[in-house]
């Protein structure tokens, strides 16, 4: 019996997609720390000199706000508690200041910004965002404080997967500040990318990166992903090759290049990179082994290589002994004319399958080997678990016993 009775080989390939390995682009920790330093500086600027204006092109008219005499003792007490590492007490005082209608907008805004730092330090992101929004809404801080709060809020929203909210905050931030700082544009590019607006993300990221003498690796990875997902294969490959060439020992850069090659159907180049990593012992993750064996299974005549990768991964305990692994192994054995090994792999895959398709393929192979009783038993299991073509299983079940 011809092997045409088995489904198309690509249908049987384990569903493994090459994905770019993205590093974090959030700078929220550094931003929060800097905001704390600026708060201290703002309290002593008369002594230490003028604070540098971070948003010189901002359209907002800076309020002439300052702490009221009524709130001054409370503000001092709040800051003293914070400096004494009594964060809960400092936050409680900040809440009192924000809620007191006798205090002015600057008192409220300053306390809200201060409380946001305390909440963030305590890993209370939801509260930090609430306080930052309050600080913005009170509209009483200088531009550094006002827009610093807005930018930090956008980053926290992005960090918490609130991509649409983050982009809305960033759009306002850029409209009012006219900022062209690369590190800030990258955050907007990230938000656009997370919203599946890859082409727009690339349009924001490219000039930000071009304006930076030494862009961070994670910025380049993000642009690479944006190019790849917007269908700009040539630019994605060009950028991936450039990054990989500059960082030959960077595993992430090499994996990204392999992923870009795979997405562009340059499977031989993708396999070569992954094999080099494998040879040096750098394939240490289940996904990485799957990426390599899936690449081989989508190449003509590379079944033996796929078998080697799968078996090595299983033996090392890196590759999970699951349905996809054994299904891919069964396919590789079958199309390399190692029928008995294919049967063994199908027997391992079939019980773990979500349906009866692996059992049906096992029944077909057993039928081809003239092992009718075993084929009929596998077909029975296939029907019990459910298959797309039950008539195929019924044909095997109707075979005369030998």
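The range 145-174 and the range 90-114 have Cα centres lying 22 Å from one another. The angle between the Cα long axis of helix 182-194 and the main principal axis of the chain comes to about 40°, on a 0 to 90 degree scale.
Between 309, 51, 318, the GNM of the chain built on Cα springs shorter than 10 angstrom shows 51 fluctuating the most. Relative contact order, whole percent, for the chain stands at 13, derived from Cα pairs under 8 Å and 6 or more residues apart. Segment residue 316..residue 102, full-extension length gain: 70.2 nm, with 0.36 nm per residue of separation and the alpha-carbon distance subtracted. Sorted largest first, the spans of the alpha carbon positions of the range 138-230 along the three principal axes are 43, 29, 19 Å.
FRET efficiency for residue 299 and residue 86, Cβ-Cβ distance as r, R0 = 56 Å, nearest 0.05? It comes to 0.30. On a 0 to 90 degree scale, rounded to 10, what angle separates helix 357-368 from the longest Cα axis of the chain? Helix 357-368 sits at roughly 20 degrees to that axis. With both labels modelled 7 Å from their Cα along Cα-to-Cβ, the residue 286 to residue 175 distance reads 4.5 nm. When each of 284, 339, 177 is scored by the number of other beta-carbon atoms lying within 10 Å, the sequence from fewest to most is 284, 339, 177.
If you line up the long axis of helix 267-279 against the longest principal axis of the chain, both from Cα atoms, how many degrees apart are they, to the nearest 10? Rounded to the nearest ten degrees, it is 80.
Classify the chain as rounded, prolate or oblate from the Cα gyration tensor: take a ≥ b ≥ c as the square roots of its eigenvalues, call it rounded if a/c is under 1.5, otherwise prolate when a/b beats b/c and oblate if not. Please list the in-between numbers first.
Values: a/c = 3.50, a/b = 2.50, b/c = 1.40.
The shape class here is prolate.
For the chain, modelled as a GNM whose springs connect Cα atoms under 10 angstrom apart, the maximal fluctuation among 278, 290, 371 occurs at 371.
Taking the Cβ of each residue in 110, 173 as the centre, tally the other Cβ atoms inside 10 Å and list the residues starting with the fewest.
Numbers: 110 30, 173 21.
Placing the least packed residue first, the sequence is 173, 110.
For the range 276-402, what relative contact order do you get, as a whole percent, if you take Cα pairs closer than 8 Å and at least 6 residues apart? In percent, rounded to a whole number, it is 16.
Is the shape of the range 67-133 best called rounded, prolate or oblate, per the rule: a/c under 1.5 gives rounded, else a/b larger than b/c gives prolate, else oblate, with a ≥ b ≥ c the square roots of the Cα gyration tensor eigenvalues? Oblate, since a/c reaches 1.5 and b/c is not below a/b.
Can you list the residues of the range 158-190 with backbone N under 19 Å from a point 7 Å past the Cα of residue 61, pointing along Cα to Cβ? What the label zone holds, given the 19 Å backbone N cut-off, is 176-178. Here the residues 302, 316, ranked from fewest to most Cβ neighbours within 10 Å of their Cβ, fall in the order 316, 302.
Just so you know, all these numbers are worked out from the coordinates, no wet-lab data involved. As the structure is a prediction and not an experimental result, all values here were calculated from the model. Quick reminder, even Gly has a Cβ in these numbers, built from the backbone with ideal geometry, and neighbours come from all protein chains shown.
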